[in-house]
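Q: Could you have a look at this structure, given as structure tokens, before my questions?
Bear in mind these aren't lab numbers, they're just calculated from the coordinates by the rules spelled out. Remember, it's a predicted structure, so these values are computed and weren't measured experimentally. Cβ placement follows ideal geometry from the backbone for every residue including glycine, while neighbour counts extend to all protein chains displayed.
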Ligand SMILES: [Zn+2]
Ligand SMILES: [Zn+2]
């Protein structure tokens, strides 16, 4: 992400070494950018702050350093005693993203990334949405309410509903992503909003037909209960 920010200033800042270290005959033929050695992660912040008008704050720098160390630890360590909590890493990635791109929400950034990923070209776009739904329902379960509010404007403390669109798109009827909230938040509200698919979903306020289920929010399009996930009727 920081590399992207630096590349916005100039991609050439990412090339390390003096011209004599560059690939041979790079001045005579076209050479892919990937063939150049790029600068060390350690130097990214220094380069960014030297050339950018918006300096990165100290708190961001220490967060980035911390994340970089953790990432290195994950990639290089075989030390099982290292107590690295996946939630901490997710929160730090989200903080870094928010700091660098305050106007881009992480769901859209992640969707765009998956659409461009080489694996996607192999599997077609069909795999992007189920992957996204799986990731964000996991994030919703893992993150504390304050973090869900900060990063996704999603109030986890309210009663959460299964998003009928995401449930359908996930192609697994047993999968119940509780990523939707009533909008507005009233007992007569006829709409759910999901922060993952960003859809407003029309619902009927009728009792679920399943005996154990107290739900009364049913998808108009799929006739599924947004509380238990089963088909009503
Ligand atoms: Zn959804
Ligand atoms: Zn139900």
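Q: Would you order 156, 69 from fewest to most other beta-carbon atoms within 10 Å of each residue's own beta-carbon?
A: Working: 156 17, 69 10.
Neighbour counts put them in this order, fewest first: 69, 156.
Q: Here's something else I'd like to know. Given a Förster radius of 30 Å and the C-beta distance between residue 98 and residue 126 as r, what FRET efficiency does 1/(1 + (r/R0)^6) yield to the nearest 0.05?
A: 0.50
Q: Next question, about the same structure. For the pair residue 200 and residue 138, what calculated FRET efficiency results from E = 1/(1 + (r/R0)^6), where r is the Cβ-Cβ distance and R0 = 22 Å, to the nearest 0.05? Display every interim value, and only then the final one.
A: Working: r = 23 Å, r/R0 = 1.06.
In this case the efficiency is close to 0.40.
Q: What full-extension length gain, to one decimal in nm, is calculated for residue 188 and residue 109 as 0.36 nm per residue of separation minus the Cα-Cα distance? Before the final figure, lay out each step's value.
A: Working: separation 79, 0.36 × 79 = 28.44 nm, distance 3.39 nm.
Gain in length upon complete extension: 25.1 nm.
Q: Here is a further query. Report relative contact order for the stretch 164-219 in percent, whole number only (criteria: Cα-Cα under 8 Å, sequence separation at least 6). Can you show the working numbers first?
A: Numbers: 76 pairs, mean separation 13.3, N = 56.
RCO, the stretch 164-219: 24 percent.
Q: How high is the FRET efficiency between residue 223 and residue 117 when r is their beta carbon distance and R₀ equals 41 Å, given to the nearest 0.05?
A: Given R0 = 41 Å and the Cβ-Cβ separation, E is 0.75.
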